[in-house]
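One structure is given below, encoded as structure tokens.
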Protein chains: 8
Amino acid sequence: MSERIWKVYLSGEIHSDWRERISDGVAAAGLPVELSAPITAHEDSDDCAVAIFGPEQDKIWHDRKGASLNSIRTGTLIAGADIVVVRFGEKYKQWNAAFDAGYAVALGKPIITLHPAGHDHALKEVDAAANAVARAPEQVVHALAYVIRGNLPTIGAEAAAE
Amino acid sequence: MSERIWKVYLSGEIHSDWRERISDGVAAAGLPVELSAPITAHEDSDDCAVAIFGPEQDKIWHDRKGASLNSIRTGTLIAGADIVVVRFGEKYKQWNAAFDAGYAVALGKPIITLHPAGHDHALKEVDAAANAVARAPEQVVHALAYVIRGNLPTIGAEAAAE
Amino acid sequence: MSERIWKVYLSGEIHSDWRERISDGVAAAGLPVELSAPITAHEDSDDCAVAIFGPEQDKIWHDRKGASLNSIRTGTLIAGADIVVVRFGEKYKQWNAAFDAGYAVALGKPIITLHPAGHDHALKEVDAAANAVARAPEQVVHALAYVIRGNLPTIGAEAAAE
Amino acid sequence: MSERIWKVYLSGEIHSDWRERISDGVAAAGLPVELSAPITAHEDSDDCAVAIFGPEQDKIWHDRKGASLNSIRTGTLIAGADIVVVRFGEKYKQWNAAFDAGYAVALGKPIITLHPAGHDHALKEVDAAANAVARAPEQVVHALAYVIRGNLPTIGAEAAAE
Amino acid sequence: MSERIWKVYLSGEIHSDWRERISDGVAAAGLPVELSAPITAHEDSDDCAVAIFGPEQDKIWHDRKGASLNSIRTGTLIAGADIVVVRFGEKYKQWNAAFDAGYAVALGKPIITLHPAGHDHALKEVDAAANAVARAPEQVVHALAYVIRGNLPTIGAEAAAE
Amino acid sequence: MSERIWKVYLSGEIHSDWRERISDGVAAAGLPVELSAPITAHEDSDDCAVAIFGPEQDKIWHDRKGASLNSIRTGTLIAGADIVVVRFGEKYKQWNAAFDAGYAVALGKPIITLHPAGHDHALKEVDAAANAVARAPEQVVHALAYVIRGNLPTIGAEAAAE
Amino acid sequence: MSERIWKVYLSGEIHSDWRERISDGVAAAGLPVELSAPITAHEDSDDCAVAIFGPEQDKIWHDRKGASLNSIRTGTLIAGADIVVVRFGEKYKQWNAAFDAGYAVALGKPIITLHPAGHDHALKEVDAAANAVARAPEQVVHALAYVIRGNLPTIGAEAAAE
Amino acid sequence: MSERIWKVYLSGEIHSDWRERISDGVAAAGLPVELSAPITAHEDSDDCAVAIFGPEQDKIWHDRKGASLNSIRTGTLIAGADIVVVRFGEKYKQWNAAFDAGYAVALGKPIITLHPAGHDHALKEVDAAANAVARAPEQVVHALAYVIRGNLPTIGAEAAAE
């Protein structure tokens, strides 16, 4: 049976290497996956709109213009994704990640959340809308390998992933 | 011209009296508004599912069952709302509020966020998807009065609202 | 805050009194709920179309005409429901119940399943798409009371419901 | 006139070789068809989530996690399919097959059911929502050959298919 | 269980009394049905737009303006209907009836066709998309009585309806 | 046959009395119509957001905040309307009227445009998407009377309307 | 600017060579068009289902099974089309063509009708929902050439097309 | 991470070289963008339908036929676009541009407006629905470069763009 390309959007935290670990894992497993993501260069993401369209006096409009421009990318990629992975890191409010999760769910997209156990209670509404809750990027890769090809990790893999 | 009933869902923070202030303001102004909200009794909201369907050994499933049951209410009321107000308080992660915001936006609902200025940068993606950003519950009431009837507050009202 | 009427469709088994128990419970609690259901008179449900439009030689078309006529009712009521409760009894294939569950989920309706524990493994895909899994009709009533009004059963209620 | 690729999802029974017979028939006829299916390795399908994300104490959550993970695959493939074939075998409850049928129909997908005549009455609601009811996998291949290319089987084919 | 109002749109032939017979039957049975229909005054329906907006030199634009104005009514009422009944009489092309049928089906509305047996072959595609095929207006009333309340006609009714 | 309430949104020009003339005509004819409109007090419409949420230094953000707040009203009322009437007056750009027209058409709403003949060429794309083009508010009233009740104006009415 | 492939479905009459004339014209003009159509072998189209799934005693079910099978093809191709051309020939009821037109319009597809002037009045509702009305297949080719590439026929072409 | 092709529709003004400047900029930057646009040959756009289907006596129907034919192209391309850029030039009513903007927004497409500062107040409703407001075609190119690849212009670029 033929193989389709699965489009996976990686939403959320931009301060750790979780996207690279998923990307590496997908490549190592040879999975037919197209990963996409928001612009993860933090400063560029904040300043993009004033850099292109000109400066603002007020920080609030500086931010608004930037967020509106970024949402062209995020909205389009989420709408085109088969699966949305949403990462919540240890720190920061990360409200845009939760917003993306709600947005994806309302569009009927399956989501996989990725966060430490310490966030379990605070994320219970988001996790209840998710198809899976992962602790490590490697578990996301394993989930993709299973969903796409039916391949399961060898015994002990899930312990090592932590 | 005849008057329609506007359905307004109040999402987010459950630790301050902002819903009451909006409810009082709406009543005082005689606005044709039906307010709705999640279950705001915090413990009940956490324990509802185990109280009804029986206990769980693991806290994670205790939470999951509760969040799934609560989402029957929140999902239905958001889907039926004309406007969704999303409140972010000073404290806590409040990821469910951001999730509701994303969910509402993807359904094409107009949203009004309500939060202190200190959250502006962290909420810039959510605010960029909102139709208005309020600082005080009274401003939400004023916004409803204008949207529904075209009534604007008398001069100085916005200063006093803070 | 004003009270909305919740429309609840009761799908599935027609050989026990579970719909009456939910109806009685809803009435006893004074919940603002409109219950609806398929035609539950078994023979009428089988023979409706031939009784109205004339007989068929083949049983397969006798059944087809009847099922098509019944689906006008079931499809319309599910599409108009806020919540769909799906009951699987001890016996029979009950594929129409599972079909209704899938239909409701694809329309974005929250569902509550109601079945004995013995069906848990066989129903795991349906339950995974549900917002709650109940064992007794009274638990469905409790769930509605909580979802609509935030009322929880007094201690011990969930044990007695079994 | 140019030839499109038809995406056909094969839902249901995993205990007989019906998928292989359709796959072989499609290949033999050279039809432009991409077949897809759920993960059909029964044990893997049951245990996938605990293998990836860690064990559960309760069987019910072991099952829930697995079914939720599997639904990423099944939901995505059904949503992307042009045609959904739903197979009901002689044995088992097979509620997930009926659930998939309802889900597909609500999404506007044409479905073809495949089951023995003994199930006709129990499946009358599902069959009434189907575009065709087949008894043998070869009939599904014939239906695809006709729908896609207008090719009909030579005389006697339908008898031999049984 | 409470009773909903069913909205039924009556599309098609305007030269016989079939709408009156359905209306009378619905009234006699006391069914909770709101019937709607296109403007059935033939000349007014043809000339409405030129009567309101001024004359046209070309008959083709005279007709186009009228049909566009009429479609405000028909499109709105079909979109708001629970059930669409489509009547094909003995004579005329009646392409607007078939157009309405296709339009209603694509919107997910259940349809009941009403036509003499002589049209069966010519209407096979439309009938295959319908939930029921009636020969007499009284059968439509019987179908509504069953769908809405589960009432079946007494024995012999379907014979007399012819 | 019972009478439904038709919801009609009146978009566009705010400098002439066309809404009053439609409102008067609808009242005089006793039509079951609920009219709605944007806030038509020009200054309030421009300044609403700064009056409620506080002033802006830049005129562009003063305008942006106001337009975003106004769109809560206009978007909600258009989405809830059965018919959208779009008026283009003699003067001004009136891009928001054309925007509303496009918005309504994409939502599947029938639209009636109302403008002088001098705009015909410039509005040809909008008129081509409309169900009717009126020159005078009274023609809109006549169109509503016909669409809703099948009543046509007496002879000469269309001439007098100019 | 890059060139997209336009998918055009050719619905309706199967007794003349209009599809070949469009196909030839598209090929001669080198247009990036993928044409699709129903199965146009009349007898096969009538008998397909009984040939594959076995005979029926009643002609009505013989027809029903066939029409249901054919609708897998027609429904899928219309849903995937950019443009639907609907041909009404001189003879026959051709209700399936009008049904397809209504179906396509409700899905938001632009349609082009193709029929002799003698049908203008009978098809006025269908034509009012169409983007263009053609008299000859060559005009459809010209319309495609213009819509896709902006190429217009040389002077006199429309006269010769008749 | 792999690169997707972004489809960008360029709506609006046809009297300046803004489309060429965007096209050149996209080519120079090597962006994976497919640009599309309405037919921009003004006379052809006006006369297309009469050239293909025959002349009209009334200018209003000459225009109507043309606009309807053009909307096959514009509606299809907007529906298929990821991003819609809407240009308002210095002159003319340009109501079709505003119509396209409203149409795109209702379909959930992100839009970028492109217009001189002098239009800011008149376009405030359109701009409030846009994700970005550009003054120069080069800013649109920069926005695309950022949205697609995260590339920002070097310092001073936004000043030079004016």
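The values are calculated or read from the model by the stated rules, or taken from the named source; none is laboratory data. The structure presented is a predicted model; accordingly, all values stated were derived computationally and were not measured. Here Cβ is always computed from backbone atoms with ideal geometry, including for glycine, and neighbour counts include all displayed protein chains. Calculation scope for accessible area: heavy atoms of the full protein, side chains included, ligands and nucleic acids excluded. Shrake-Rupley method; radii C 1.70, N 1.55, O 1.52, S 1.80 Å.
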Practice item. Quick one: angle between helix G:42-53 and the longest Cα principal axis of chain G, in degrees between 0 and 90, rounded to 10, please. Key: 40
Review point. How large is ³J(HN,Hα) for each residue in the stretch H:140-148, as worked out from phi by the Karplus curve 6.51 cos²θ - 1.76 cosθ + 1.60 (θ = phi - 60°), to whole Hz, x for Gly and Pro?
Key: 5, 4, 4, 4, 5, 4, 6, 4, 8
Point to revise | Nearest-ten-degree value, helix A:59-80 long axis tilted from longest Cα axis of chain A | key: 30
Practice item. May I ask you to list the lysines whose Cα is less than 16 Å away from that of D:Lys91, ignoring any residue fewer than eight positions away on the same chain? Key: C:Lys91, C:Lys93
Study note, to complete from the structure: The C/B contact buries a total accessible area, at probe radius 1.4 Å and rounded to the nearest 100 Å², of 1900
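Where the convex hull is taken over the Cα atoms of the stretch D:1-120, what is its projected area averaged over directions, in nm²? List each step's numbers first, then the result.
Details: hull surface 36.2 nm².
Taking the Cα atoms of the stretch D:1-120, their convex hull projects to 9.0 nm² on average.
So what is the 222 nm mean residue ellipticity for chain H from helices alone, if each DSSP H run of at least 4 adds -39500 (n - 2.57) and you divide by all residues, rounding to the nearest 500 deg cm²/dmol? Write down the numbers at each step before the final one.
Numbers: 7 runs with 81 residues, N = 162.
Counting only the DSSP helices, I get -15500 deg cm²/dmol.
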Revision key, fill the gap. Using the Kirkwood radius over Cα pairs of the stretch C:57-118, the Stokes-Einstein translational diffusion coefficient at 4 °C and 1.567 mPa s, in µm²/s and rounded to a whole number, is 100
**Study point:** Summed side-chain charge close to C:Thr40 - residues other than C:Thr40 whose Cβ falls under 13 Å, Lys, Arg +1, Asp, Glu -1
**Key:** -2
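Per the Kirkwood treatment, what hydrodynamic radius in Å, one decimal, follows for the stretch D:1-43 from the mean inverse distance over all distinct Cα pairs? The partial results should precede the final answer.
Values: mean 1/r = 0.0864 Å⁻¹.
About 11.6 Å for the stretch D:1-43.
I need the fraction of alpha carbon pairs in the stretch A:82-149 separated by more than 16 Å, rounded to a whole percent.
Details: 949 of 2278 pairs.
It works out to 42 percent of all Cα pairs.
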Review point. Considering amide H positions built from the backbone, and no H for Pro or chain starts, which residues 5 or more places from F:Glu34, or on another chain, come under 5 Å of its amide H?
Key: F:Trp6, F:Lys7, F:Val8
Exercise for review: Calculate the length of the line joining the C-alpha centroid of the stretch G:1-80 to that of the stretch H:44-67, in whole Å.
Suggested key: 31
Study note, to complete from the structure: For chain A, averaging the sequence separation of alpha carbon pairs under 8 Å that lie six or more residues apart and dividing by its residue count, the contact order in percent is 24
Practice item. Binning at 10 Å from 0, report for the protein assembly as shown what percent of all alpha-carbon pair distances ends up in each bin. Key: 2, 9, 17, 22, 23, 18, 8, 2, 0
Review point. Which residue is it, in chain B, that holds its beta carbon closest to the axis of the B-onto-E rotation, and how many whole angstrom away?
Key: B:Gly80, 9
Check your understanding: At a 1.4 Å probe, which residues in the stretch E:17-48 are at least 20 Å² less accessible with all protein chains present than in their chain isolated?
Key -> E:Glu34, E:Leu35, E:Ile39, E:Asp44, E:Asp46, E:Cys48
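In whole percent, and with a 1.4 Å probe on the protein chains, what portion of the accessible area of chain E is carbon and sulfur? Show your work: numbers first, answer last.
Values: 2970 of 5920 Å².
Within chain E, the accessible surface is 50 percent carbon and sulfur.
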Point to revise | ³J(HN,Hα) computed for each position of the stretch F:5-13 - Karplus, 6.51 cos²θ - 1.76 cosθ + 1.60, integer Hz, glycine/proline x | key: 8, 9, 9, 10, 9, 10, 9, x, 2
Exercise for review: Over the protein assembly as shown, give the accessible area per residue in Å² for a 1.4 Å probe, as an integer.
Suggested key: 37
